[in-house]
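See structure below.
The values are calculated or read from the model by the stated rules, or taken from the named source; none is laboratory data. If you're wondering where the values come from, they're calculated on a predicted model, not measured in any experiment. When we count neighbours, we look across all protein chains shown, and the Cβ atoms used for this are built from the backbone with ideal geometry, even at glycine.
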Amino acid sequence: MKTLTSTFALLALSSSLQVFANEGDAPTVLLWGDTHLHTNLSPDAYVNKNTNVDPDTAYRFAKGLPVMSDDTRAKVRLHTPLDFLAVTDHAEYAGVPKMLWDGDEELSKTKTGARYIEMIKNGKGTDVFFELIADVNAAKPNMELHSQRVRDTVWKEIYEAAEKHNEPGKFTALIGWEWSSLPNGSNLHRVVFMPEDASVAEKFTPYSAFESDRPEDLWNWLEKTADETGANFVAIPHGSNISNDLMFQNVDSDGNAITKEYAKTRIRWEPVIEITQIKGDSETKSELSPEDEFADFETYEHLIKVGGTEEEKEADPAASYVRSALMRGLEIEQKVGINPYKAGLVGSTDAHTGLASTEEDNFWGKFSLDSKPEGKDLEGAPGVTGWDMSASGLAAVWAKENTREAIVEAFKRKEVYGTSGPRIKLRVFAGYDFKDNDAESADLANIGYDKGVPMGSDLPPAGKRDNPKLLIQAVKDPIDANLDRVQVVKGWVDDSGKAQEKVYNVAWSGERKQSSDGSIEAVGNTVDMDTGLYTNDIGTEQLTVVWEDEDFDPDMRAFYYVRVLQIPTPRHTLFDALALGIEHPEEYDAVIQERAYSSPIWYTPK
């Protein structure tokens, strides 16, 4: 627990839950989960010391049960269980390292398998892994390893574990995988999952980047397979910050301008983007948003690349970050009529430990290799350490119930949001008729649905009505830090067709006054660098507000999303440094302001 006393946490839990106690009859309930988790079946997870945490163990950990971590063999447990989880192991060579290390009989009879098993016996397992990753970089599989027998065996283990742990109404286990396109080290990965059960999953083999590393081909496969099996797929792009400026371009994979058909297809299969995870935050950075004082959050820019040199190309950093993608989507929509980047926002972990942990004081690393404080130097990854990783993130879903169908439906309609780890409860609605006292109502959720539209939706054209208003309610995580402020991030297209952005402070804690330029002074910092403790003497438990966009132009396309910031708290690196008895490394932040990002609400003129 991160606060000084357990008493405070219990009081916070009581008071925070009272705010949402009236929501028993609300149309949706808040569920917390992770749609991006790797187990020992993912090649990079296995080689980096996760040899034992399999899908079954991953689901037990997510449910709140104590399990054994891999490299440390310590008993580990989540502070608060999840409501849903998708195990999404890489489709490329899934299970292959485990089979090689186990001396799989059939693989040992192949030329490649025999060579790799001999290398492993001679202590050259890392070299084996680098050869496998080089295949993924080049999208050229070794068919002795990428056999149908191997793929089907591993896929069956994944979907059978999900079937075993799925408990409708109590815990949802989504069947999924990761398509890991990695052209020349550029991260174009997508996780894919569906609401259907094993009877549908057994009808296909997950599509991998070995079949094609082009997103357009993935979407074509999703459409074909959905038609053949009835699977209702959702694909989520992630790690755009290390996409080498390729994730959100103005062109398709062939370099042609985005068309209406491309935009329509992309947004059909990719209704949501992962904005934050262990390999950093992808919202924005100061180079793109120079007026945003909270840009450059948990920045991570290391490509997943083995050997070779950087590809020479014109830099387009806007194609790597989500806020710029949302803005770019407005520009494209103005040209072709459909927005390819009209996506909701979530967080998830991308942990390769099999342990979906995001608490700074209970973070089990990116890999099992860096799960312990003295193991932060990642072998074979020069310039990257476990301290570069972020203890992030979580997917929050406003669903009608805790079932596969209801959760996927929420993703499809984008009534979801992401956090960097804390379970900040966030409601956002947009409409024209909200009153200031609606923010204080005991029936806020129903008022929001009755008078407006929720996050992820389209605001109807304004006509002759007043300016749009956002009804916002943010409540702290019951066992975590108080809130600093609520901000609205707006993007719009100006008269010249160029997208613009602005960040508004709309609610904040304490008696701070807003300056004429809209800024608010810092909330303060109670983190004790000698103990790794902090107090909730600053900030507030909840912030509610009705905010009106007084800069609104009914003739301009726009979007709005909400960003909520906590007060400063200790980063996982501070806990590690204290455990090791060393000075905290200057190159890493010791203190962090965790945050939540709502899905946008869009406005389109008539």
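As a summary of the residue check, residue 113 satisfies the conditions (1) out of contact with any Leu (no Cβ under 7 Å at 6 or more places or on another chain); (2) not assigned by TED's automatic domain parsing to the domain that holds residue 321; (3) not aliphatic (A, V, I, L, M) except for the one numbered (1).
Enumerate the helices (runs of 4 or more DSSP H) found wholly within segment 19-128, keeping only those where 1 or more residues are over 22 Å from residue 420 (Cα atoms), at pLDDT below 90 and hydrophobic (A, V, I, L, M, F, W, C).
Working: elements: 43-47, 55-62, 96-101, 105-108, 111-121.
In segment 19-128, the matching helices (runs of 4 or more DSSP H) lie at 43-47, 96-101, 111-121.
One residue stands out among those in segment 488-542 that are free of Cβ contacts under 8 Å to residues at least 24 places away in the same chain and of a type in the set (Ser, Thr, Tyr): the one that is surrounded by the most Cβ atoms within 10 Å (Cβ to Cβ), which is 515. Counting the residues of segment 216-240 that are in contact with a Phe, Trp or Tyr (Cβ under 9 Å, 6 or more places away or on another chain) and either outside any loop (DSSP other than H, G, I, E, B) or over 20 Å from residue 86 (Cα atoms) (or both) gives 16. Hey, any hits in segment 156-166 for a residue that's in the same structural domain as residue 202 (by TED's automatic domain parsing), exposed (fewer than 15 other Cβ atoms within 10 Å of the Cβ), in a strand (DSSP E or B) and under 25 Å from the mean Cα position of the chain (by Cα)? No, there is no match, as no residue in segment 156-166 is in the same structural domain as residue 202 (by TED's automatic domain parsing), exposed (fewer than 15 other Cβ atoms within 10 Å of the Cβ), in a strand (DSSP E or B) and under 25 Å from the mean Cα position of the chain (by Cα). The set of residues in segment 449-473 being more than 12 Å from residue 431 (Cβ to Cβ), of a type in the set (Gly, Ala, Ser) and in contact with an Asp or Glu (Cβ under 9 Å, 6 or more places away or on another chain) consists of 456 alone. Of all residues in segment 344-397, those satisfying the criterion of being in contact with a helix residue (DSSP H, G or I) (Cβ under 6 Å, 6 or more places away or on another chain) and aromatic (Phe, Trp, Tyr) are 363, 387.
On the stretch given as segment 80-123, residues that are within 26 Å of the chain's Cα centre (by Cα) and of a type outside the set (Phe, Trp, Tyr) total 14.
For segment 193-215, what are the residues that are loosely packed, with under 15 Cβ neighbours inside 10 Å and assigned to a helix (DSSP H, G or I)? 199, the sole residue that qualifies.
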